[in-house]
1. Once you put a point 7 Å from the Cα of residue 61 and another 7 Å from the Cα of residue 131, both along the Cβ direction, what distance in nm separates them?
2. Using amide H atoms built in the peptide plane, which far-off residues or other-chain residues are under 5 Å from residue 137 H to H?
3. What does the charge count near residue 26 come to, summing +1 for each Lys or Arg and -1 for each Asp or Glu among other residues with Cβ under 12 Å from its Cβ?
4. If we count every other residue with Cβ under 15 angstrom of residue 96's Cβ, Lys/Arg +1 and Asp/Glu -1, where does the sum land?
5. If you place +1 on the Cβ of every Lys and Arg, -1 on the Cβ of every Asp and Glu, and leave all else neutral, what size is the dipole of the range 49-120 about its Cα centre, to the nearest 20 Debye?
6. Sum up the charges of everything whose Cβ sits under 15 Å from the Cβ of residue 3, counting Lys and Arg as +1 and Asp and Glu as -1, but leave residue 3 out.
7. Using a Förster radius of 25 Å, what is the FRET efficiency between residue 6 and residue 87 based on their Cβ-Cβ separation? Nearest 0.05, please.
8. Output wanted: per-residue J couplings in Hz (rounded whole) for the range 15-24, from phi through Karplus 6.51 cos²θ - 1.76 cosθ + 1.60, θ = phi - 60°, x for Gly and Pro.
Amino acid sequence: MLVAPYTKVMPGDVIGHNGQGGYGTYTTDNGNVCASMCGKAVLNESGEICVECKDHARLAVGTIIVGKVSRIGRIQITLDIICANNIVTHLPTKATLRREDVFPQGIDSTTLDLTEIYNPGELVQAIIINSDDNHRYGVSVATDTATSSNTTGFLRLNLENNINDEDMFSSSSSLFHSIEQNNNKDSSR
């Protein structure tokens, strides 16, 4: 490790070389390990160089997120992630919900038009199903990929009242609508 443990780092800071990069880092072509977020440089139990950040919700496959619909297309929507595992995110992070990930496997989604289901500003609770090294996340609201407690679906909220993101999250539990209601409505068509 190039920097002393618990040194504060910013994105792009070189914190190691020829080492194994862990959470909060990326490795350049020449082998340098760089910070990909603000925090403190640490070595984890496996000897990986990581960046630790208490205010940053760790996003990984299986994490339940709440996202605000920011962009809508016929075959996918973009969500601005507001919180993950009940921790408000402070860094701008986006996720993509594809139409294939709206219904459980076995239900044909090829004719589904997401512009008929989602509206800008709506909140969606979903589960992260994939991610890449560039911090791009794919999410699903299909109940077969969620936990058995059915924790994914729509969180409808009227955003014309100038509610901020933290208020939206705290109000979301009373506004949750299961995706199964929409599945039943769409499958009867």
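1. 1.2 nm
2. 96
3. Taking every Cβ under 12 Å from that of residue 26, the sum is -4.
4. +3
5. Dipole about the Cα centre, nearest 20: 180 debye.
6. Taking every other residue near residue 3 into account, the sum is -1.
7. The pair residue 6/residue 87 has a calculated efficiency of 0.70.
8. After applying 6.51 cos²θ - 1.76 cosθ + 1.60, I find 10, x, 9, 6, x, 8, x, x, 4, x Hz.
Taken together, the values in this text are just the output of simple stated rules run on the coordinates, not laboratory data. Quick caveat, the model's predicted, so the values are computed rather than measured. Note: ideal-geometry Cβ built from the backbone for every residue, glycine included; neighbour counts use all protein chains shown.
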